[in-house]
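Student: Quick one: structure below, then a few questions.
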Amino acid sequence: DAGVTQSPTHLIKTRGQQVTLRCSPISGHKSVSWYQQVLGQGPQFIFQYYEKEERGRGNFPDRFSARQFPNYSSELNVNALLLGDSALYLCASTLTRASGNTIYFGEGSWLTVV
Amino acid sequence: AQRVTQPEKLLSVFKGAPVELKCNYSYSGSPELFWYVQYSRQRLQLLLRHISRESIKGFTADLNKGETSFHLKKPFAQEEDSAMYYCALALLSGAGSYQLTFGKGTKLSVIP
């Protein structure tokens, strides 16, 4: 049973460049979220998409954008990269049940901005 | 605004000793709390959720609304428990948003 899959696993970009990160949720999960984890900190919420619509947005600048496709996969885009964008970017998919929601995380994409 | 505080960055205990990882939260609504664990070179994975009141790998956590705490406990630490532990609070908005607010994490090191 495949978990949340993300690509690429590692990448290095230069300041000012743009990056696209990809995520496939667990089969049957319709909600995808993105989190940023800076070294030494807990994950911080960026976006949530459900049924291809943005349902939530964290405190991140407009340089960050995302979308969800009909197959529920998702992309996170970051424009005009800054050194401070260097982090682990986690994708998560949510299982929704009457007993409550459970969020499952992927292994993440390590982004280094130089 | 909601907040999760894990006061200890690092907690070292000897094998067989009891473990308590502290978590305090601030939230005006009815809290839904989780503990996630991240072992070395592995993904963040769910350990416990308060509504389940379950014990996973010997760990338990009780929600104390009066003290706004959700401490993680285990009576006898094992070496394989060494990992990073994150406490998280779920926020559900009217727009259907469901997001987690995480603490900064506590690194548990179990000394053989």
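Student: Report the residue count in region A:66-114 for those that are small (Gly, Ala, Ser) and under 10 Å from the mean Cα position of the chain (by Cα).
Tutor: 7
Student: Whether any residue in region A:100-107 is out of contact with any Ser or Thr (no Cβ under 8 Å at 6 or more places or on another chain) and outside any strand (DSSP E or B) is what I want to check.
Tutor: Within region A:100-107 (the criterion being out of contact with any Ser or Thr (no Cβ under 8 Å at 6 or more places or on another chain) and outside any strand (DSSP E or B)), the answer is no, since none of the residues qualifies.
Student: While we're here: If I go through region B:48-58 residue by residue, how many of them are more than 27 Å from A:Leu39 (Cβ to Cβ), surrounded by fewer than 16 Cβ atoms within 10 Å (Cβ to Cβ) and touching a residue at least 12 places away in the same chain (Cβ under 8 Å)?
Tutor: So the count comes out to 2.
Student: For residues that are assigned to a strand (DSSP E or B) and surrounded by fewer than 16 Cβ atoms within 10 Å (Cβ to Cβ), tally how many sit in region A:71-94.
Tutor: Selection size over region A:71-94: 1.
Student: Please list, ordered by residue number, the strands (runs of 3 or more DSSP E) wholly in region B:1-99 having 1 or more residues that are in contact with a helix residue (DSSP H, G or I) (Cβ under 8 Å, 6 or more places away or on another chain), under 18 Å from B:Ile111 (Cβ atoms) and within 12 Å of chain A (Cβ to nearest Cβ).
Tutor: Filter on region B:1-99 gives an empty set.
Student: Looking at (1) under 17 Å from B:Glu8 (Cα atoms); (2) surrounded by fewer than 21 Cβ atoms within 10 Å (Cβ to Cβ); (3) within 14 Å of chain A (Cβ to nearest Cβ), can you tell me which one B:Phe102 breaks?
Tutor: Unmet condition: (2).
Student: Of the residues that sit in region A:14-36 and are open to solvent by 10 Å² or more (accessible area, probe 1.4 Å) and closer than 23 Å to A:Ser86 by Cβ, which one is nearest to the other protein chains (Cβ to nearest Cβ)?
Tutor: Looking at residues that are open to solvent by 10 Å² or more (accessible area, probe 1.4 Å) and closer than 23 Å to A:Ser86 by Cβ, I get A:Gln36.
Okay, residues lined up against (1) open to solvent by 60 Å² or more (accessible area, probe 1.4 Å); (2) modelled with pLDDT of 95 or more; (3) polar (S, T, N, Q):
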site	(1), (2), (3)
B:Arg3	yes, no, no
B:Ser12	yes, yes, yes
B:Gly16	no, yes, no
B:Leu33	no, no, no
B:Arg41	yes, no, no
B:Leu46	no, no, no
B:Lys65	yes, no, no
B:Ala83	no, yes, no
B:Tyr86	no, yes, no
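Student: Could you grab me the full set of residues in region A:37-70 that are touching a Leu at 6+ places or on another chain (Cβ under 9 Å), away from chain B (no Cβ under 11 Å) and open to solvent by less than 30 Å² (accessible area, probe 1.4 Å)?
Tutor: A:Phe64, A:Ala66, listed by residue number.
For (1) in contact (Cβ under 8 Å) with a residue 60 or more places away in the chain; (2) farther than 22 Å from B:Ser93 by Cβ; (3) not basic (Lys, Arg), each residue gets a yes or a no:
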{"site": "A:Arg15", "(1), (2), (3)": "yes, yes, no"}
{"site": "A:Ile46", "(1), (2), (3)": "no, no, yes"}
{"site": "A:Tyr49", "(1), (2), (3)": "no, no, yes"}
{"site": "A:Arg55", "(1), (2), (3)": "no, no, no"}
{"site": "A:Ala80", "(1), (2), (3)": "yes, yes, yes"}
{"site": "A:Tyr104", "(1), (2), (3)": "yes, no, yes"}
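The values are calculated or read from the model by the stated rules, or taken from the named source; none is laboratory data. All of these numbers come straight from a predicted model, not from anything done at the bench. Neighbour counts run over all protein chains shown; Cβ positions are idealised from the backbone, glycine included. Please note that ligands, DNA and RNA were not included when accessible areas were found on the heavy atoms of the full protein model with its side chains. Shrake-Rupley method; radii C 1.70, N 1.55, O 1.52, S 1.80 Å.
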